[in-house]
Amino acid sequence: MNESTLRRALLVIAILGLAVGIGVWRTGLGPLEADTIWAMATLPVVAALALSILRDFWIGRFGVDAIALVSMSAALLLGQPLAAVVVAIMYAGGTVLEDFARGRAERNLKALTDRSPRVAHRTSKLGTETISVEDVAVGDELLVQAGELLPVDGILLDASASLDESAVSGEPLPERRNAGDMLRSGTLNAGETFSMRASALAEESTYAAIVRMVAAAQTAKSPFIRMADRFALFLLPATLVVSGAAWYISGDPIRALAVLVVATPCPLILAAPVAFIGGVSRAARAGILMKGSTALEALAQVRTAIFDKTGTLTIGGAELIEIESAPGRDANNLLRLLASLEQASHHVLADSIIRAARGRQLMLSHPRDVREHRGAGLKGRVDNMSIAAGSRALVLADKPLPGWAKGGEEKYRDEPVLRVFVALGGRLAGVFTFGDALRVDAHDALGKLRSAGIARMIMLTGDDGVAAKRISARLDLDAIVADATPAEKVAAVESEKALAPTMMVGDGINDAPALAAATVGVAMGARGATASSEAADVIVLTDRLQPVADAVRIARRTRSIALQSIIAGLALSGLAMIAAAMGQITPVAGALLQEAIDVAVILNALRTLGDGRLGRA
């Protein structure tokens, strides 16, 4: 019999004992007196609680459950078995309620682990075979059928695929992926069957990392919860002092019993764990993984945020920033022609150009007679039109820039960008500018962090000062640290952490030491499980910055609700203890009142599962 079942069984025994005893008391029928029945129904709860306390004490833990043991034992010794059985029902009911609350809070986390991929379809010259996900090797070609989970991380081989990534990233709508894109395990094939090549083993894939973090989140205790446990050490002697004083002043031991009863059990041991598990669960639903309640509590207290630039505040790749087109030329048609030509290229920009064209739903043509001038560009034919694309020297040779293109050349003269010149029929038709663009949501995300209480925000990057200033000019930052080595990043984080609790947000391998050094490390983990994800306390699974602000809000709201529950619960219990000491509350009424307090604080703690100011779930 597991612990949860035992708790339910004890509750049933206590309730039946109370009901049978009341029946005997009202009718006077039965082989046993009502007091004896109530006492017998209480004893199993007393025995189970005593064993639990001894077991906890043996491993160095001590909690306020001891007050429940003292109150039930005292009630039996003072000839108050009805009060004892009511306390037994209230205590057993409280533990069952706590189990329910924990289960409710952990439901979202459990849903993640329950849907782990278990099988894969491996294809070879001999056909397709279904194998266990643990048997997938790096390089295996896998078939993912409609409605199936991706078994491991991999690379898309087919032209495109539609994936439901909601369980991993929190994004509600299916995402379109193109050939060569990285795919993550645990996402769902929302379209037609496609092929992929495994790039990681099952245990090293994204979803396995999620499962490991969920396990840690369910077992780790935050400093806040440990503080509550330590506070419980003072509550038992305080309760005994108040009850003893009530007995001494009034001469009535029943008053002392009433004081003990209203202090049983304590909201301290119920509210904090439920609230923090609920907060971790809420974050997971939003595509934010927190490595336990310790990370959540630490995040709730940060006052300084440090951001890496590349891949964090910016997209982290060569993205299309601007298209300058000659008079009479259509920018989208130029992009279509350029992307069509780039299909024959192996240059680093080719993927970005093709992706930009597909993002605008442009239909590409097949290029012909393509000649690649390594390091300079391409020449070929698209739709029977001669096209040249690449450096200014390749496309224009010694010809001067036309007037329409001079503004862009001056604008990007000292910027860290790549410029692709495109000529049609020997005449310059357009200039494409590529660079590391600012994330679309960066400005709003930083604004929301400000409103959430982050007082200081810093950009910390290994890039040169020019690139850093170009990005920071569009953001509300307090300081910029550029040209920083990994060691200098750690030093900068340590310096800020000495002044205030600090979070570091980054995505690259070189960010891992700084993430580990911060009070809270936040990794942008959408592009796979890297060293930065391993070093971080919080991992954002979407390729957006907004969830960082959401994570801070969730953490602060969770800690606030836990604190509210504890303060309100203890205040109400304290008032009830005073009333009991003055003879205003009987032991039976006190037990019912305390259970009402416990139900109230648990229901309040469960509010962490909701959205608060975040909007709809």
Original post:
With point charges of +1 on the Cβ of Lys and Arg and -1 on the Cβ of Asp and Glu, referenced to the Cα centre of the stretch 285-373, which listed residue (Leu364, Leu313, Ala286) lies farthest in the positive direction of the dipole?
Top reply: Ala286
Original post:
Whose amide H sits under 5 Å from the amide H of Leu460, counting only residues 5 or more places off or on another chain, with H placed in the peptide plane?
Top reply: Phe307, Asp308, Lys309, Val481
Original post:
Taking only pairs that are 8 or more places apart or on different chains, how many Lys pairs in the chain have Cα atoms under 21 angstrom apart?
Top reply: 13
Subject >> Histogram of C-alpha separations across the chain, 20 Å bin width, % >> reply: 17, 37, 27, 13, 5, 0
**OP:** With a Förster radius of 56 Å, plug the Cβ-Cβ distance of Asp158 and Gln584 into 1/(1 + (r/R0)^6) and report the FRET value to the nearest 0.05.
**Re:** 0.15
**OP:** Per DSSP H run of n ≥ 4, the term is -39500 (n - 2.57); total these for the chain, divide by its residue number, and report the mean residue ellipticity at 222 nm rounded to 500 deg cm²/dmol.
**Re:** -16500 deg cm²/dmol
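To the nearest 20 Debye, how big is the dipole of the stretch 395-472 about its Cα centre, given +1 on the beta carbon of each Lys and Arg and -1 on that of each Asp and Glu? Write down the numbers at each step before the final one.
Numbers: 12 positive and 10 negative charges, 41 e Å.
That gives the stretch 395-472 a dipole magnitude of about 200 debye.
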Subject >> Taking the C-alpha atoms of the stretch 1-71, convex hull volume expressed per residue in Å³ >> reply: 93 Å³
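Please compute the per residue accessible area over the stretch 241-310 with all protein chains in place, 1.4 Å probe, rounded to a whole number of Å². Provide the component values of the computation, followed by the final result.
Numbers: 1750 Å² over 70 residues.
Accessible surface, normalised per residue, equals 25 Å².
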Original post:
By how many degrees, between 0 and 90 and to the nearest 10, does the Cα long axis of helix 587-605 differ from the longest principal axis of the chain?
Top reply: 0 degrees
Original post:
Which whole-Hz couplings ³J(HN,Hα) result when phi for each residue of the stretch 21-32 is put into the Karplus expression 6.51 cos²θ - 1.76 cosθ + 1.60, θ = phi - 60°, listed in order with x for Gly and Pro?
Top reply: x, 5, x, 5, 5, 6, 9, x, 9, x, x, 10
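Size of the dipole of the stretch 464-527 about the Cα centre, Lys and Arg at +1 and Asp and Glu at -1 on the beta carbon, nothing else charged, in debye to 20?
Numbers: 6 positive and 9 negative charges, 37 e Å.
Once rounded to the nearest 20, the dipole reads 180 debye.
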Original post:
Helix 253-262 versus the longest principal axis of the chain: what angle, 0 to 90°, nearest 10, using Cα atoms?
Top reply: 10 degrees
Subject >> Dipole-positive endmost among Ala344, Ala190, Gly328 within the chain (Cβ charges, Cα centre) >> reply: Gly328
Original post:
Taking the Cα-to-Cβ direction at Ala596 and at Ile15 and moving 7 Å from each Cα, how far apart do the two end points lie in nm?
Top reply: 2.0 nm
**OP:** Quote the charge dipole size of the chain about the Cα centre in Debye, to the nearest 20; the model charges only the Cβ of Lys and Arg (+1) and of Asp and Glu (-1).
**Re:** 940 debye
Original post:
Say a paramagnetic label sat at a point 7 Å from the Cα of Glu410, along Cα to Cβ; which residues of the stretch 420-434 have their backbone N under 18 Å from it?
Top reply: 431
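For a quick protection proxy, order the peptides 278-285, 11-18 by their average other-Cβ count within 10 Å, most packed first.
Details: 278-285: 26.8, 11-18: 18.9.
Ranked from most to least packed, the peptides come out as 278-285, 11-18.
Highest mean first, what order results for 242-252, 41-51 on Cβ atoms within 10 Å? Present the calculation step by step, with values, prior to reporting the outcome.
Numbers: 242-252: 15.4, 41-51: 18.9.
Output ranking for 242-252, 41-51: 41-51, 242-252.
Taking the DSSP beta bridges in the chain as the whole, what percent of them are antiparallel, to the nearest 5?
Working: 56 of 74 bridges.
Given both bridge residues lie in the chain, the antiparallel proportion sits at roughly 75 percent.
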Original post:
Ranked highest first by the average count of other Cβ atoms within 10 Å around their residues, in what order do 363-373, 300-310 fall?
Top reply: 300-310, 363-373
Subject >> Descending Cα extents along the principal axes, the stretch 431-520, whole Å >> reply: 47, 31, 19
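With contacts defined as alpha carbon pairs under 8 Å and 6 or more residues apart, what's the relative contact order of the chain in percent? Intermediate results must be reported in sequence, preceding the final value.
Numbers: 1232 pairs, mean separation 100.1, N = 617.
Relative CO of the chain lands at 16 percent.
The values are calculated or read from the model by the stated rules, or taken from the named source; none is laboratory data. What you see is a predicted model, and the numbers here were worked out from it, not measured in a lab. In this analysis, Cβ positions are derived from the backbone assuming ideal geometry, glycine residues included, and neighbour counts consider all displayed protein chains. Quick note on the areas: whole protein, heavy atoms, side chains included, nothing else; ligands and nucleic acids left out. Shrake-Rupley method; radii C 1.70, N 1.55, O 1.52, S 1.80 Å.
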